[in-house]
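Peer 1: There's a structure below that I have some questions on.
The values are calculated or read from the model by the stated rules, or taken from the named source; none is laboratory data. These figures come from a predicted structure and were not determined experimentally. Using ideal geometry, Cβ is built from the backbone for each residue, glycine included, and neighbour counts are taken over all protein chains shown. Keep in mind that these areas ignore ligands, DNA and RNA; they rest on the heavy atoms of the full protein, side chains included. Shrake-Rupley method; radii C 1.70, N 1.55, O 1.52, S 1.80 Å.
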There are 2 protein chains.
Amino acid sequence: MSGQTLSPKQIGIGMRISVHPHSNDFERIILDALKETHRILQLDEPDTGIEIATGEVSTYVGVKSGDAAPQLAAYAATLIHSATLDSDGQHLTSHLLLSRGCPGEATCQLVPGRIPAEKDVHLAKSGVIVAAAWSLYPLADDGSSHMEPIMAAVDEAKASGLTVTSEHYATILRGDLSDVLSVIFDAWSTVGQEVPHVVSHVSISINSPSVHNGAGAA
Amino acid sequence: MSGQTLSPKQIGIGMRISVHPHSNDFERIILDALKETHRILQLDEPDTGIEIATGEVSTYVGVKSGDAAPQLAAYAATLIHSATLDSDGQHLTSHLLLSRGCPGEATCQLVPGRIPAEKDVHLAKSGVIVAAAWSLYPLADDGSSHMEPIMAAVDEAKASGLTVTSEHYATILRGDLSDVLSVIFDAWSTVGQEVPHVVSHVSISINSPSVHNGAGAA
């Protein structure tokens, strides 16, 4: 048993995503973006590697098969991009929760086996500039070294050409939506090769008025 | 040195909070809610125990002195309640990141010392019903037992009379905003007595149309 290579479903790889158009028209924008993402990624095809369930607070996207990070990143990029295009320059935020290593809803018992290497994420430039507050949490570590993979991921973000600053409890990435998502999904997926249970939370802000007028976004 | 009782500032106790009115009028609602919270909690007084810095993506609230969880919970409850009252039944979401044990921005070197016991959170009922997707992460644990305090916290939420269900990667709490926040802040603060570094992420949804029409919130 312990020699088998685990599937994404066995490892429990997936995310929760929400988009928040700051607009009276938010419901239509969200529903249209979900439909558009479904269409662009051809999620009606029988061989799609992901499953989707939309709930009251956010949408769950779980990986059944195939390369986990690239599929999830493509879903996130397409959903956020679609909603942004439809929002006509209005402020929009998105929240992501990425999780690896917790296949059950509440328990985190891993099946014994080998964790497969993940492919890097490659996304075409979106033309949408974002600010993202990013936190990465390796959970099942040895109790002392959990900051090391985080620092390595931050260094990688800096090397990628994004603007990287730090705030309390989060690293702020600024740049093209696709580049920001690539760094975030790759870092999570890379740490996941070493640490069985790793989660990442991201708050993305697009067209924030506080960039222009200095007024605070709460 | 190791006998001293650490201050909240030395431990690094604080949160990031954002509110997202799904309304064309979002900017005024956010700025008014920040001001109203400042006024209600009398944050101009020289002896206030918290410090506030509003950034592009969210607002940082750090605890300098006094009881950490009750002060942070009061800020969160007042800000969300104020924005909800001003949103006139429109959909509003809020995101919280609670953190203990990471006093620096990027490093988590704890000063040696005793972690003081925290007071329980008590908030008057708000009359606002919310759904919250809640995740709790004890980080600097011994590598195997990090699910135990989480399960204990979930049991406590159930005992408190809230509706508790689980989704992938999050526990869903439904009930009065004040009761939901009390459970979340108390759980985080209780786990923080045992585990030096513990964070919690919460997505709160108010007046979601998907409750009424079954349409998905993305």
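Peer 1: Averaged over peptide A:33-40, how many Cβ atoms belonging to another chain are found within 10 Å of each residue's Cβ?
Peer 2: Mean partner shielding for this stretch: 1.
Peer 1: Ok, one more. Would you list B:K9, A:K64 from the most to the least accessible area, probe 1.4 Å?
Peer 2: Of B:K9, A:K64, the descending order of accessible area is B:K9, A:K64.
Peer 1: Roughly to the nearest percent, how much of the accessible area of the protein assembly as shown is carbon and sulfur, given a 1.4 Å probe?
Peer 2: Of the solvent-accessible surface of the protein assembly as shown, carbon and sulfur hold 51 percent.
Peer 1: From other protein chains only, count the Cβ atoms within 10 Å of every residue's Cβ in A:19-32, then give the mean.
Peer 2: Taking all residues of A:19-32 together, the mean is 6.
Peer 1: Given points 7 Å out from each Cα along the Cα-Cβ axis, report the B:M151 to A:T48 separation in nanometres with one decimal.
Peer 2: Result: 3.5 nm between the two label points.
Peer 1: Same structure again: Over the Cα atoms of chain A, what radius of gyration and what Dmax do you get, in Å?
Peer 2: Rg and Dmax of chain A, Cα atoms, are 17.2, 59 Å.
Peer 1: Checking the table A:K158/B:K119; A:K35/A:K125; A:K9/A:K35; B:K35/B:K64 against a 30 Å threshold on Cα-Cα, which pairs fail?
Peer 2: Flagged as over cut-off: A:K158/B:K119.
Peer 1: Once both axes come from the Cα atoms, what is the angle between helix B:177-194 and the longest principal axis of chain B, in degrees from 0 to 90, rounded to 10?
Peer 2: Helix B:177-194 and the main axis of chain B meet at about 20 degrees.
Peer 1: Something else now. Averaged per residue, what accessible area in Å² does chain B show with a 1.4 Å probe, protein chains only?
Peer 2: With all protein chains present, chain B gives 40 Å² per residue.
Peer 1: Just tell me how shielded A:163-171 is by partners: mean number of partner chain Cβ atoms within 10 Å of each residue's Cβ, no decimals.
Peer 2: 6
Peer 1: How much mean residue ellipticity at 222 nm does chain A get from its helices, if each DSSP H run of length 4 or more adds -39500 (n - 2.57) and you divide by all residues, to the nearest 500 deg cm²/dmol?
Peer 2: -10500 deg cm²/dmol
Peer 1: Hey, another quick one. Quick one: buried accessible area between A and B, total over both chains, 1.4 angstrom probe, nearest 100 Å²?
Peer 2: Buried area between the two chains comes out at roughly 5800 Å².
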